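The values are calculated or read from the model by the stated rules, or taken from the named source; none is laboratory data. Treat the numbers as computed from the prediction; the structure is a model and nothing was measured. Cβ coordinates were reconstructed from backbone atoms using ideal geometry, including for glycine residues, and neighbour counts include every protein chain displayed.
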Amino acid sequence: MDDAHAPRDDRTSGEPLLTIGEFAARARLSPKALRLYDRLGLLTPAYVDASTGYRHYRAAQVERARTVVLLRRLGMPLAEITATVRLDGDGAGQAVAAYWAGVEERHAEQRTLVGYLRGRLSGRGFEMYGKDFEVKTVDVPEQYVLCESRHLLAEELPGWIDASTRRLEEAAESECGGVAGSAFVVYHAEVTQDSDGPAEACVPVRDAAAARAWAQKAGRQRGTGVRVEPAHRIAYTRITKAQVAYPQILGAFEAVEAWVAREGLTVAGACREIYFVDWDSAGPEDQVCDVAFPVGE
């Protein structure tokens with residue numbers, strides 16, 4: 001069956017139909033791509049001949065097809081495109097904005113990773129990458145903290161940090177008089193792709209007695225507890241959201257360690273990350289975290 005024998009209108013609406021060749025030319029897509037999009041439910045033909053399997057499209061579908069082309073130029077995966085084009089105008093626009101925000105965040109992480117790798121592979125790590133970190137010291141008062149410990153690998157850290165600090169902050173607000181300071185994560189041993197820590201998420205609270213009662217009620221669920229974080233001095237450097245990604249965050253830890261050694265100080269406790277802004281609302285270039293070591297003379 002050739003184009004001359006194709007149905008020329010939609011049998012239900014009377015709207016003129018285009019053959020797959022005609023539609024492909026208008027939509028600037030290949031017939032092969034149109035067949036793929038049909039299988040995915042992304043761009044379904046208006047009519048398929050039952051005997052030949054030939055596909056036919058309405059002219060009104062050209063706009064959707066061209067939108068798919070533009071979204072593919074953004075690098076959006078087909079599954080996300082399928083979900084996006086099914087939304088209404090505002091919803092689809094928000095979906096594109098959210099996708100691109102994720103792309104920009106990944107690009108920012110990759111830029112910092114390139115800098116970290118250039119320094120490490122050239123043997124001039126601190127010269128090329130360490131100079132980006134300004135190290136300062138500050139005295140931290142004694143704090144009562146809710147805590148949650150877990151053995152986990154580097155790729156598991158981001159999700160766990162977010163979930164654990166949210167749980168602890170909710171408990172602090174509802175049962176322990178409120179949050180009294182920035183949440184932080186203490187690394188009691190190496191957390192890498194091969195070493196699983198443990199790491200400890202901590203949230204300072206205002207009411208020590210209420211925190212002890214909460215700890216008794218929570219028991220050892222998820223490794224939760226309550227403890228005193230003694231007063232101490234930290235050496236720290238402030239980093240952006242993009243720099244938090246592993247392994248480039250290691251460059252920040254190395255920069256602080258090098259500064260501590262140059263200043264004739266000693267590391268007096270486990271290294272930590274202190275998160276002082278809302279992670280979700282921060283952009284990739286916003287400062288979100290202090291990488292720190294407790295130090296002594």
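Some points to look at:
- Given (1) over 25 Å from the mean Cα position of the chain (by Cα); (2) over 21 Å from Asp278 (Cα atoms), number of the condition Gly177 does not satisfy: (2)
Matching residues to (1) surrounded by 21 or more Cβ atoms within 10 Å (Cβ to Cβ); (2) among the polar types (S, T, N, Q); (3) without any contact (Cβ under 8 Å) to a residue 12 or more places away in the chain:
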| residue | (1), (2), (3) |
| --- | --- |
| Glu175 | no, no, no |
| Val186 | yes, no, no |
| Ser195 | no, yes, no |
| Pro198 | no, no, no |
| Ala208 | no, no, no |
| Arg233 | no, no, no |
| Ala242 | yes, no, no |
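- When Thr165 is tested against (1) crowded, with 20+ Cβ neighbours inside 10 Å; (2) of a type in the set (Ser, Thr, Tyr); (3) touching a Leu at 6+ places or on another chain (Cβ under 8 Å), only condition (3) is not met.
- Any hit, segment 50-59, residues being surrounded by 12 or more Cβ atoms within 10 Å (Cβ to Cβ), touching a Gly at 6+ places or on another chain (Cβ under 9 Å), in contact (Cβ under 8 Å) with a residue 24 or more places away in the chain and of a type in the set (Gly, Ala, Ser): no
- If the condition is being buried (at least 19 other Cβ atoms within 10 Å of the Cβ) and either closer than 13 Å to Pro204 by Cα or more than 19 Å from the chain's Cα centre (by Cα) (or both), then segment 151-162 contributes no residue at all.
- Scanning segment 241-297 for residues that are of a type in the set (Ser, Thr, Tyr) and closer than 15 Å to Val185 by Cβ yields Tyr246, Tyr275.
- From the options Ala211, Ala189, Ala215, Ala199, residue that is touching a His at 6+ places or on another chain (Cβ under 8 Å) and in the same structural domain as Cys147 (by TED's automatic domain parsing): Ala199
- Condition met for Val260 (over 21 Å from Leu157 (Cβ atoms), buried (at least 16 other Cβ atoms within 10 Å of the Cβ) and among the aliphatic types (A, V, I, L, M)): yes
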